[in-house]
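Here the structure comes first, spelled out in structure tokens, and everything after it is commentary.
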Amino acid sequence: MNTTEIIEEESKIKKKPSSMVSGSVALMDAFLMEGVDIIFGYPGGAIMPIYDALYDYQEQLRHILVRHEQGAIHAGQGYARTSGKTGVVFATSGPGATNLVTGLADAMIDSTPLVCITGQVFAHLLGTDAFQETDVINITTPVTKWNYQITDATEIPSVLAKAFYIAKSGRPGPVLIDITKNAQLQKFPYEGYTKCTHIRSYRPRPIVRKKFIQEAADLINSAKKPFVIFGQGVILGRAENEFRKFIEKGGLPAAWTILGMSAIPTDHPLAVGMLGMHGNYGPNLLTNECDVLIAVGMRFDDRVTGRLDKYAKQAKIIHLDIDPSEIDKNVKTSVAVWGDCKETLPLLTELIEQKTHPEWKQRFNDCQAQEEDICIRPELNPPSDAELTMGEVVHLLNGITKGNSIIVTDVGQHQMVACRYAKFTQSKSNITSGGLGTMGFALPAAIGASYGDPNRSVVAIIGDGGFQMTIQELGTIMQSEVNVKIIILNNRFLGMVRQWQELFHEKRYSFVDITSPDFVQLAQAYGIRGNRIDQRDLLKKALTEMMNHQGPYLLEVLVGKENNVFPMVPQGCSVAEIRLK
Amino acid sequence: MSKQEFTVTVYTENQIGLLNRIAIIFSRRKINIESMNTSPSEVDGIHRFTIVINETEDVVRKLCRQIEKQVEVLKAYYNTNDEIVWQELALYKVPTDIIAEKVKVERLLRQYGARAVAIRKDYTVFEATGQRDETDKLVSVLEPYGLIEFVRSARVAIIKASHGFHEKLKEFEQSEPGEELIENEFLNKQDEVFTM
């Protein structure tokens, strides 16, 4: 029997009495069957039949009306990242769909599961440059894990089932389904929704080969200076506990990438800090001293590796990843363990010896002490006459949140400072745009994050530049009464670019001097309480007031204009050339 | 590692838009596709892409992994020219009167194994199959005799070591594949790192 025969045979068995429903109603049913409870979206002409169907499903499917489609997709990302579920986004055809592109690219590079539904013009108008027609499938092909255009309503159940399966399985990613208006309206005999569990051309769950687990374990057991670097794979694979057991048994110092952060508590005894351009001193420096480098669910981004031909050349490299295309992509591995780290880590833990590496760990502590003296102390406890620093804001915030809040950051200096100094006790707490570096991400992502985990407080830390990129989402916060706390770290500059111009372009400050509106008044216009602080002695009280406030709150903190983020691995340098000042 | 000619063979589902998904994996790295052919394969419903590029093996391996990552791609293989049997088809349009007059042209065509596929009063179209250098040579040979038009198809190639795709597809159709199932052939075989 070939596949089509099998499918036909199965469908005969499952056939239920069918009823005539529209494509849009079938779509709503698909969402309910997939456990969707919230949609971030914006209506428009070509998606109106879907919104019409949604009108009858408001009880089960909450819809958050955003102010711009980019806001919808970043909110979907924030939701997916804090809930561990798939984010669902609606947008109309043409400009609605093209406004999703940045978010799709962001979700693609940061492996965030999303199902985006875009309306499309009637099928008979495709290719005619109809009103609000855009070739969305071709525009989004490079930035989606999978995309598909539905022109016939009968396809909706099976395509949606595929969409949710693909978005969430294996290495997650965004899926876009473009549905022509005729398919949304078309009635067809609906036979119920069957979840997808298998696509023959798609193997999301690799078979783990024991041989390579053994080889990896042998390497780890023979190591004198083992070093674990981990990424979001640990969080996406829900393998936080497995990962902890692994490093604890082997006594393995572990550093996170920006997206791996919060997978283990930041104060875990084996946690040695953050990798990367503005990561911690020890993890960067000692990457080039360890003898076995164990990479778990991370992809050796250039911001992590610095100059590749001088990256960990002395070390044997073990790479655990679910995506075979990541293995050997940037860094050549000695042992590749292809698989879901939820499966591979316990197998590896079983085979490694119980060890501690006190002398090696001490090296990290020594580096940390150096970094404390030169970078951290002046940032977190600056002299009383100095301007406010971003670091002391984050530091004081830690004292209030006790590491239990979700921190959402934008992109730039404040992001690096927040990720360097924020404390976390729980997984899925650090939400940021890592791979794409999307300014404007934080405000809408914070909205989504708060729906993704409503029991925890959400603090968005944003720069004065990035905040103005998606500032309109204050409207969403107002209308949907979203409980997010917004801290604007305002240095009156596009700080990261300014820092580079200072260090590498002879202080030629080319178009980084940005003026801002009165953010507090603006918040007030949206009915959001706000406050502005430029004095150290008022900061703690202001932060406490913000966190205690019921509902959204905006706190603007005026920080030093020309403060820099250090340490730094300058571009084109090896990680060992990290500069402390 | 120096660049050389590689033939990439991709087995896929027959899906609109997949050509684009595969093509952009090359174009995003600014790699020129020398030739690309899509055709049915030995398995009903499975399509086969044959793509020729000039690259280093390291890059080709990465490309193949990124191609195979696409949801609708079943397998991607890469091979050097020694590992495949390959052919291209070329058509040549030549003025009929010259061929009629010059005995040498007829001899040349015979020598290159060209066949006449259309004969008109004013022109004749010949077809030759072979490898790039052979069909190219016939162009240079025919040029002095007033070659009017020339076109060559994309490469089609058979992998010498392949046992076809029927058996593999059966494995793909199972939701839980067996342990013994196929290593990724495009990887170094000694590694045997990957199973599908």
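The values are calculated or read from the model by the stated rules, or taken from the named source; none is laboratory data. Only a predicted model underlies this, so the values are computations on that prediction, with no experimental measurement involved. Neighbour counts are summed over all protein chains in view; Cβ atoms, including those assigned to glycine, are modelled from backbone coordinates with ideal geometry.
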Would you confirm whether or not the range A:440-457 contains a residue that is of a type in the set (S, T, N, Q), without any contact (Cβ under 8 Å) to a residue 60 or more places away in the chain and surrounded by fewer than 24 Cβ atoms within 10 Å (Cβ to Cβ)?
yes
Do the conditions hold for B:TYR92, that is, is it closer than 30 Å to A:TRP338 by Cβ and assigned to a strand (DSSP E or B)?
no
All-but-one check, A:LYS225 against (1) within 14 Å of chain B (Cβ to nearest Cβ); (2) touching a His at 6+ places or on another chain (Cβ under 8 Å); (3) among the charged types (D, E, K, R), failing number (1)
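So, in the range A:287-333, of the ones that are outside any loop (DSSP other than H, G, I, E, B) and of a type in the set (S, T, N, Q), which residue ends up farthest from A:SER111 (Cα to Cα)? Talk me through it step by step, then tell me what you get.
Of the residues in the range A:287-333, the ones outside any loop (DSSP other than H, G, I, E, B) are A:287, A:292-296, A:302-306, A:308-310, A:316-321, A:324-326.
Now restrict to residues that are of a type in the set (S, T, N, Q): A:287, A:305, A:325.
On the way: A:THR287: 25, A:THR305: 19, A:SER325: 14 Å.
Selected residue: A:THR287.
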Residue check, A:ILE235 crowded, with 24+ Cβ neighbours inside 10 Å, in contact (Cβ under 8 Å) with a residue 40 or more places away in the chain and either of a type in the set (Phe, Trp, Tyr) or not in a loop (DSSP other than H, G, I, E, B) (or both)
yes
Examine the range B:38-55 for a residue that is closer than 22 Å to B:VAL156 by Cβ, more than 14 Å from chain A (Cβ to nearest Cβ), part of a helix (DSSP H, G or I) and touching a residue at least 24 places away in the same chain (Cβ under 8 Å), and state whether such a residue exists.
no
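Of the residues B:LYS102, B:LYS69, which is surrounded by fewer than 16 Cβ atoms within 10 Å (Cβ to Cβ) and either on the phi < 0 side of the Ramachandran plot or among the aliphatic types (A, V, I, L, M) (or both)? If you could, list the steps in order and put the result at the bottom.
On the way: B:LYS69 fails: surrounded by fewer than 16 Cβ atoms within 10 Å (Cβ to Cβ).
One residue alone meets the criteria, B:LYS102.
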Checking A:ILE156 against (1) surrounded by 21 or more Cβ atoms within 10 Å (Cβ to Cβ); (2) within 14 Å of chain B (Cβ to nearest Cβ), only one condition comes out false. Which one?
(2)
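One residue is enough: does the range B:130-147 have a residue meeting the conditions in contact with an Asp or Glu (Cβ under 8 Å, 6 or more places away or on another chain), farther than 22 Å from B:VAL8 by Cα and not assigned by TED's automatic domain parsing to the domain that holds B:SER39?
Initially, the range B:130-147 is screened for residues in contact with an Asp or Glu (Cβ under 8 Å, 6 or more places away or on another chain), giving B:130-132, B:135.
Cutting the leftovers down to farther than 22 Å from B:VAL8 by Cα gives us none.
No, the conditions are met nowhere in the range B:130-147.
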Return the residues of the range B:125-161 that are outside any helix (DSSP H, G or I), out of contact with any Gly (no Cβ under 9 Å at 6 or more places or on another chain) and within 24 Å of B:ASP97 (Cβ to Cβ); say none if nothing qualifies.
B:VAL125, B:PHE126, B:GLU127, B:GLY146, B:LEU147, B:ILE148, B:GLU149, B:PHE150, B:VAL151
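Considering only the range B:4-21, state which residues are more than 10 Å from chain A (Cβ to nearest Cβ), over 13 Å from the mean Cα position of the chain (by Cα), under 22 Å from A:TRP146 (Cβ atoms) and not in a loop (DSSP other than H, G, I, E, B).
Let us first name the residues in the range B:4-21 that are more than 10 Å from chain A (Cβ to nearest Cβ), namely B:4-10, B:14, B:19.
Restricting the remaining residues to those that are over 13 Å from the mean Cα position of the chain (by Cα) gives B:4, B:14, B:19.
Filter once more, so that each one left must be under 22 Å from A:TRP146 (Cβ atoms): B:14, B:19.
Result: B:LEU19, single match.
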Single condition A:ALA216 does not satisfy, out of (1) within 14 Å of chain B (Cβ to nearest Cβ); (2) more than 17 Å from A:GLU326 (Cβ to Cβ); (3) of a type in the set (A, V, I, L, M); (4) crowded, with 24+ Cβ neighbours inside 10 Å
(2)
Determine whether the range A:110-117 contains at least one residue that is closer than 21 Å to B:ILE25 by Cβ, within 14 Å of chain B (Cβ to nearest Cβ) and either under 13 Å from the mean Cα position of the chain (by Cα) or of a type outside the set (Phe, Trp, Tyr) (or both).
yes
A:GLU545 passes all but one of the listed conditions (1) surrounded by 15 or more Cβ atoms within 10 Å (Cβ to Cβ); (2) more than 24 Å from A:THR438 (Cβ to Cβ); the exception is number (1)
Can you tell me which residue in the range A:160-174 is farthest from A:PRO206 (Cα to Cα), limited to those that are more than 9 Å from chain B (Cβ to nearest Cβ), of a type outside the set (Gly, Ala, Ser) and buried (at least 21 other Cβ atoms within 10 Å of the Cβ)?
A:LEU160
Restricting the search to the range B:22-37, which residues are within 11 Å of chain A (Cβ to nearest Cβ) and of a type in the set (Ser, Thr, Tyr)?
B:SER27
Kindly evaluate A:PRO206 against the criterion of being part of a loop (DSSP other than H, G, I, E, B) and buried (at least 19 other Cβ atoms within 10 Å of the Cβ).
yes
Reported set for the range A:255-276 where residues are part of a loop (DSSP other than H, G, I, E, B), crowded, with 19+ Cβ neighbours inside 10 Å and either over 18 Å from the mean Cα position of the chain (by Cα) or of a type outside the set (A, V, I, L, M) (or both) is A:THR257, A:GLY260, A:SER262, A:THR266, A:LEU270, A:GLY276
A careful count of residues in the range A:326-379 that are within 14 Å of chain B (Cβ to nearest Cβ), in contact with a helix residue (DSSP H, G or I) (Cβ under 8 Å, 6 or more places away or on another chain) and among the polar types (S, T, N, Q) gives 3
Here are some conditions: (1) within 19 Å of the chain's Cα centre (by Cα); (2) touching a residue at least 24 places away in the same chain (Cβ under 8 Å). B:GLN70 meets all but one. Which one does it not meet?
(1)
Among the candidates A:ARG299, A:ARG303, which residue alone is basic (Lys, Arg), surrounded by fewer than 22 Cβ atoms within 10 Å (Cβ to Cβ) and under 25 Å from the mean Cα position of the chain (by Cα)?
A:ARG303
Do we find a residue being in contact with a Phe, Trp or Tyr (Cβ under 9 Å, 6 or more places away or on another chain) and without any contact (Cβ under 8 Å) to a residue 24 or more places away in the chain anywhere in the range B:78-95?
no
Can you name every residue in the range B:56-84 that is within 14 Å of chain A (Cβ to nearest Cβ), more than 24 Å from A:THR141 (Cα to Cα) and in a strand (DSSP E or B)?
none
Evaluate the range B:95-105: report whether one residue or more is part of a strand (DSSP E or B) and out of contact with any Pro (no Cβ under 9 Å at 6 or more places or on another chain).
yes
Counting only residues in the range A:16-47 that are exposed (fewer than 11 other Cβ atoms within 10 Å of the Cβ) and part of a loop (DSSP other than H, G, I, E, B), the one modelled with the highest pLDDT is identified as A:GLY35
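Tell me, which helices (runs of 4 or more DSSP H) lie completely within the range A:359-429 with 3 or more residues that are surrounded by fewer than 23 Cβ atoms within 10 Å (Cβ to Cβ)? If you could, list the steps in order and put the result at the bottom.
On the way: elements: A:377-380, A:390-401, A:413-421.
Ranges flagged: A:377-380, A:390-401.
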Among the residues of the range B:96-125, count how many are touching a Phe, Trp or Tyr at 6+ places or on another chain (Cβ under 6 Å) and either more than 13 Å from B:VAL141 (Cβ to Cβ) or β-branched (Val, Ile, Thr) (or both).
4
Across (1) within 14 Å of another protein chain (Cβ to nearest Cβ); (2) more than 27 Å from A:GLU359 (Cβ to Cβ), A:LEU259 clears everything bar (1)
